Amino acid sequence: MAKEKVQNLLVITFEKKKTGRPNIPWEIIKLIRRVAKENKIWGATKLHGLLLKLGHTICERTVSKYIPKPPPNTKKRISWKEFYLLHADAMIVSDTFTAYSSNFKEIFRVVFFLHLGSRQVLHFDIHTNPTTKWMRKVLKFAIRKQKQAGKKFHYFLSDNDSVFGKRFTKYLIRFGIKHKKTSFHSPWQNCYAERWIKTCRNEFLDFFIPLNQFHLEKKLEEFIHFYNHHRTHLALNKDS
């Protein structure tokens, strides 16, 4: 008998109690959904007021939770492919990649600006320790070259590298250029820049080891001239 009393006491003591707010009755949930369906232009605040008048004391957050959410309108969203097609003639894509000297003691960072519409590399530069200040100088030189050619671009696409930070964005705004950044860990969003890096590696860097920065600069300049004026592109109907 004493053993049963101890067991009952332990059950009462250690019995788990439900925490949090009590569950909303199913009838109330159905009422919220029915009222929301009959008044589609009403938001959670207005529906909550109506339910209070009907005598149901529930919070506005609960009403918002059980309102049927409309499906996303895919027509209002522009995919990356559509964005590229709409602004190809006025967009520059940019990225950086590394190259090594023959003795592997120097690591070079190459930055390039690729015009999306023509697939031409407008400008490039090389540095062993790139900074935002250096990147601004490179951009200024590239814009000056484009003005001399009578061309102007409105969008600049890059990844989230530190050299394309807030100061670089502010510098672009001064020239009336919108800075578009890809999402983190999403290199496919800057696919044209990534594709050019792959082409540069497969057709140039895999067959060439630079002795120093000057050597890399001169040879890369020759390759870019070939890429811009003689190499055919599938995106341009096999034209150069």
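The values are calculated or read from the model by the stated rules, or taken from the named source; none is laboratory data. Keep in mind that what you see is a predicted model, and the values were worked out from it rather than measured. Cβ coordinates were reconstructed from backbone atoms using ideal geometry, including for glycine residues, and neighbour counts include every protein chain displayed.
Kindly indicate the residue of segment 33-47 that is out of contact with any Leu (no Cβ under 7 Å at 6 or more places or on another chain) and in a helix (DSSP H, G or I) and also surrounded by the most Cβ atoms within 10 Å (Cβ to Cβ) among those meeting that condition.
L47
Of everything in segment 80-122, what is among the aliphatic types (A, V, I, L, M) and in contact (Cβ under 8 Å) with a residue 60 or more places away in the chain? Give them in sequence order.
Quick first cut of segment 80-122, residues among the aliphatic types (A, V, I, L, M) only: 85-86, 88, 90-93, 99, 107, 110-111, 114, 116, 121-122.
Answer for segment 80-122, where residues must be among the aliphatic types (A, V, I, L, M) and in contact (Cβ under 8 Å) with a residue 60 or more places away in the chain: A90, M91, I92, V93, A99, V110, L114, L116, V121.
Inside segment 117-145, can you point out the residues that are in contact with a Lys or Arg (Cβ under 9 Å, 6 or more places away or on another chain), at pLDDT 90 or above and among the β-branched types (V, I, T)?
I126, T128
Given the structure, is D95 modelled with pLDDT of 85 or more, surrounded by fewer than 17 Cβ atoms within 10 Å (Cβ to Cβ) and closer than 22 Å to N190 by Cα? Working first, answer last.
Numbers: modelled with pLDDT of 85 or more: yes; surrounded by fewer than 17 Cβ atoms within 10 Å (Cβ to Cβ): no; closer than 22 Å to N190 by Cα: yes.
It is false that D95 is modelled with pLDDT of 85 or more, surrounded by fewer than 17 Cβ atoms within 10 Å (Cβ to Cβ) and closer than 22 Å to N190 by Cα.
Restricting to segment 166-189, name every residue that is within 21 Å of the chain's Cα centre (by Cα), farther than 20 Å from W80 by Cα and surrounded by 13 or more Cβ atoms within 10 Å (Cβ to Cβ).
Listed by number, the residues that qualify are R167, F168, T169, Y171, L172.
Residue-by-condition table, conditions (1) surrounded by 20 or more Cβ atoms within 10 Å (Cβ to Cβ); (2) more than 16 Å from L172 (Cα to Cα):
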| site | (1), (2) |
| --- | --- |
| L116 | yes, yes |
| R119 | yes, yes |
| N129 | no, yes |
| M135 | yes, no |
| K147 | no, no |
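At least 3 residues that are not hydrophobic (A, V, I, L, M, F, W, C) in each: list the strands (runs of 3 or more DSSP E) lying fully within segment 75-182 that qualify. Break it down stepwise before answering.
Details: elements: 91-100, 107-115, 120-127, 155-158, 178-181.
Fully inside segment 75-182 and qualifying: 91-100, 120-127, 178-181.
How many residues, within segment 183-211, are in contact with a helix residue (DSSP H, G or I) (Cβ under 6 Å, 6 or more places away or on another chain), within 30 Å of S102 (Cβ to Cβ), assigned to a helix (DSSP H, G or I) and not charged (D, E, K, R)?
Counting residues in segment 183-211 that are in contact with a helix residue (DSSP H, G or I) (Cβ under 6 Å, 6 or more places away or on another chain), within 30 Å of S102 (Cβ to Cβ), assigned to a helix (DSSP H, G or I) and not charged (D, E, K, R) gives 1.
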